[in-house]
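Contents: one structure, followed by commentary.
The values are calculated or read from the model by the stated rules, or taken from the named source; none is laboratory data. Note that the structure is a prediction, hence the values are computed from the model and not measured. Neighbour counts are summed over all protein chains in view; Cβ atoms, including those assigned to glycine, are modelled from backbone coordinates with ideal geometry.
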Amino acid sequence: MTSAAPTAHSGLHAPLPEAETKAILDRFYRDGSVVVPGVLGAEECAQLRAITDEIAKTDPSFIIREPEEKNLAFVELFIREPILSLVRAILGPAARFCATNVIRNQPGQSISHWHVDDIVEYPLPPDVPRWPAPLPLPWLSVQVALSDIPTLEDGPTEIVPGSQLSGRDSPKENPVFEGQGAVPLFCRAGDIYLFNHQVWHRGRPNTGQRTRYLMQLQYGRGDNPAWRMKGAVRTPGLERILAQADPALREFMYAETKYR
């Protein structure tokens, strides 16, 4: 699925046409994830990889946490179009910052066990095989590929399509839901994929020769008192990063609700 707007090298900077948005959302609700190509440009991805490598000189962790406190370029992606409009179409207009990190896994590194994130939010008893329709999401992730992940050796995310409706945690090995097994999400640098955290998933082991860079933008609904939906905490590090930010970005990050 492509857009008739800017090329993959320049990236996208506007909401997608209504028909394309609908097709993306239909696929997301059906499978639990959908790839949207060419959202970031090649130069943007190279810049974000370089920033990540610089951070890794002092923080060599597999997962770089709170990158929003390290560089404004990471934070600006949260209100980048067409990412934000797609998220709001799913979570509603109050969608706001939830969390973020950058996965930088070198060959041999991965989160390779099958799981759902946090807990099973809508569990079902053993005699009920699945939910009949998409369920409300309190939060979701937008995964941003900062490097090419075109083969199994590169360690793509794998999902079991439709399993977000299972009402169950993933089997630990060889998960299958309604006859459907694991599917890899291949992508190129600059592609994004919308991701329901309740779909059975894992990161396939990176057995290739390249470092895999994947940024995770997490959004909460913003209309609920749960911890994932309260916006950003005003830490000194984030205040420093946002000091010269666009007012719209500051409002998005720090939006107040009656629950705060």
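Of the residues in segment 243-251, not one is among the small types (Gly, Ala, Ser), over 28 Å from Gly38 (Cα atoms) and modelled with pLDDT under 90.
For segment 199-206, the count of residues that are under 20 Å from Tyr29 (Cα atoms) and small (Gly, Ala, Ser) is zero. Of all the residues in segment 194-233, those that are of a type in the set (Gly, Ala, Ser), buried (at least 18 other Cβ atoms within 10 Å of the Cβ) and either closer than 21 Å to Leu84 by Cα or at pLDDT below 90 (or both) number 4. Residues in segment 135-150 that are at pLDDT 95 or above and not in a strand (DSSP E or B): Leu146, Ser147, Asp148, Pro150. For Gly92, the test of being of a type outside the set (D, E, K, R) and in contact with an Asp or Glu (Cβ under 9 Å, 6 or more places away or on another chain) is passed. Do we have Ala14 as in a loop (DSSP other than H, G, I, E, B) and over 30 Å from Gln180 (Cα atoms) here? Taking the combined requirement at face value, the residue satisfies it.
Looking across segment 100-134, the residues that are buried (at least 17 other Cβ atoms within 10 Å of the Cβ) and either in a strand (DSSP E or B) or free of Cβ contacts under 8 Å to residues at least 60 places away in the same chain (or both) come down to Thr100, Asn101, Val102, Ile103, Arg104, Asn105.
Of the residues Ala46, Ala23, Ala50, the single one that is closer than 27 Å to Val160 by Cα, hydrophobic (A, V, I, L, M, F, W, C) and assigned to a helix (DSSP H, G or I) is Ala23.
Under the condition of being farther than 23 Å from Ser110 by Cβ, within 15 Å of the chain's Cα centre (by Cα) and not charged (D, E, K, R), the residues counted in segment 41-88 number 10. Give all pairs with beta carbons closer than 8 Å in which a residue from segment 175-191 that is at pLDDT 95 or above meets a residue that is assigned to a strand (DSSP E or B) and of a type in the set (Gly, Ala, Ser); count only pairs at least 6 apart in sequence or on separate chains. Cβ pairs passing all conditions: Leu185/Ser33; Cys187/Ala145; Arg188/Ala145; Ala189/Ala145; Gly190/Ala145; Asp191/Ala145. Candidates in segment 92-116 are the residues that are at pLDDT 95 or above and over 13 Å from Leu217 (Cα atoms); of these, the one that is nearest to the chain's Cα centre (by Cα) is Val116.
Residues in segment 163-189 that are at positive phi and crowded, with 18+ Cβ neighbours inside 10 Å: Gly167 alone. Would you pick out the residues in segment 28-58 that are surrounded by fewer than 16 Cβ atoms within 10 Å (Cβ to Cβ), farther than 20 Å from Ile149 by Cα and either modelled with pLDDT of 95 or more or among the charged types (D, E, K, R) (or both)? Scanning segment 28-58 gives Arg30, Glu54, Lys57. Checking each residue in segment 59-98 for being surrounded by fewer than 16 Cβ atoms within 10 Å (Cβ to Cβ), among the charged types (D, E, K, R), in contact (Cβ under 8 Å) with a residue 40 or more places away in the chain and not in a loop (DSSP other than H, G, I, E, B) picks out only Glu76.
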